[in-house]
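The values are calculated or read from the model by the stated rules, or taken from the named source; none is laboratory data. Note that this is a predicted model, so its numbers are computed, not measured. Reconstructed Cβ throughout: ideal geometry from the backbone, glycine too, with neighbour counts over all protein chains shown. Heads up: the accessible areas ignore ligands, DNA and RNA and are worked out on the full protein's heavy atoms, side chains in. Shrake-Rupley method; radii C 1.70, N 1.55, O 1.52, S 1.80 Å.
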Amino acid sequence: MYWLEISVEVDGEAAEAVAELLRPYAYADSVIFEQLGDQSTADPEALESAIHVKIFVTEDDDSDAFRQKILEAFYHMNRLYPVGEPQFRVLEEDDWATAWRKNYQPFRIGEKIWIQPSWQPVQKTDIDDVVITLDPGMAFGTGLHPTTQLCLQAIEEEVRQDYRILDVGTGTGILAIAAAKLGAHHIIAFDTERQAVLAARENAIRNEVESSLFVFQGTLETLNPQPHDLILVNIIAPVIIDLLHHRRLLNYLSSRGKAILSGIISDQVGEVTAAVVRAGGTIIKTQTSGDWFCLMVENKRTL
């Protein structure tokens, strides 16, 4: 059996929109964000501005009609915002899951978070570095996308050892694992996708933080409202708004708690801000990377 890789090269502003366009067609609804190293500089941590958004499709789902449907979807998107054409590549069974790994190199985020791909030799890091060994598999959360980087920077600043933390839509577990590595011992993480939960659990074991991290497949409603000192949400703006409005996300915050909301494009900030206010919260800090925003929210209410 072969796998079909569908890849689109975009800028940071269009990455999430393209991901959402491709997600319904993807195997296990999984979308990969790949950002290559910048070959024009000697800085090993420099990244190109372009992002490759990729999905994989099984041989059974591939057909001329299927590919035409993808092309038509991008034809309509390009009329609204130019994002380029999707590229199709056939991969053999042994190659599909690791096709994107060759360009995923170790890199630093924030002051001391070091992302180390599990298949790469460990590079020399500073003695105070927090090293996260990661194998994303087919789950979202490589650390390459600006939304994840903004979250990690915020986590580095906010996490305390006694904090209770909730990671909503954990993906690879990268945010929860970072919190654990920074000293938190009470972390709950969940995702609706089975592949993400498996990846997060494996990465927690790989990083020796499984005793601090409970990962399950489910939704926010699975949990009883209880006080958390930090809630991590790195998804997309419409889902964040739904979590705030219909799922009562801020009811899961303690009186001293904060929520880190990321995955928000600049033109969506107003809608998310309004949703925060309606939910009884207030934005106390904003971080940006290009067109992406990360909001730090406090709860005006107490449980």
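Looking at the chain only, what percent of DSSP beta bridges run antiparallel? Nearest 5 please.
Percent antiparallel among DSSP bridges in the chain is about 60.
Express the accessible area of region 264-303 per residue in Å², computed with a 1.4 Å probe while the remaining protein chains stay in the model.
Accessible surface, normalised per residue, equals 51 Å².
Would you check the chain for Lys pairs whose C-alpha atoms are within less than 20 Å, ignoring same-chain pairs closer than 8 in sequence, and give me the count?
Value for the chain: 10.
Just to confirm, what accessible area per residue do you get for region 152-198 at 1.4 Å probe, in whole Å²?
34 Å²
Using Cα pairs closer than 8 Å and at least 6 residues apart in sequence, work out the relative contact order for region 157-244, in percent.
35 percent
What nm value, rounded to one decimal, do you get for the distance between Tyr2 and His246 when each label is placed 7 Å out toward the C-beta?
Inter-label distance under the simple model: 4.0 nm.
Please state, as a whole number in µm²/s, the translational diffusion coefficient that the Stokes-Einstein equation yields for the chain at 4 °C and 1.567 mPa s, with Rh defined as the Kirkwood radius across alpha carbon pairs.
65 µm²/s
With a 1.4 Å probe and all protein chains left in place, how much of the accessible area of the chain comes from carbon and sulfur atoms, in whole percent?
Looking at the chain in its full context, I get 47 percent from C and S.
Taking the highest mean first, how do the peptides 243-250, 259-266, 56-63 order by number of other beta carbon atoms within 10 angstrom per residue?
Per-residue Cβ counts within 10 Å, averaged per peptide and sorted highest first, yield 259-266, 243-250, 56-63.
Measuring from the lowest to the highest alpha carbon on each principal axis, how far does region 164-303 reach, largest first, in angstroms?
Projected onto its principal axes, the Cα set of region 164-303 covers 39, 35, 26 Å.
Which one, Gly257, Val197, Gln268, is farthest towards the positive end of the dipole of region 192-275 when Lys and Arg carry +1 and Asp and Glu -1 on their Cβ?
Checking the options against the dipole of region 192-275, the answer is Gly257.
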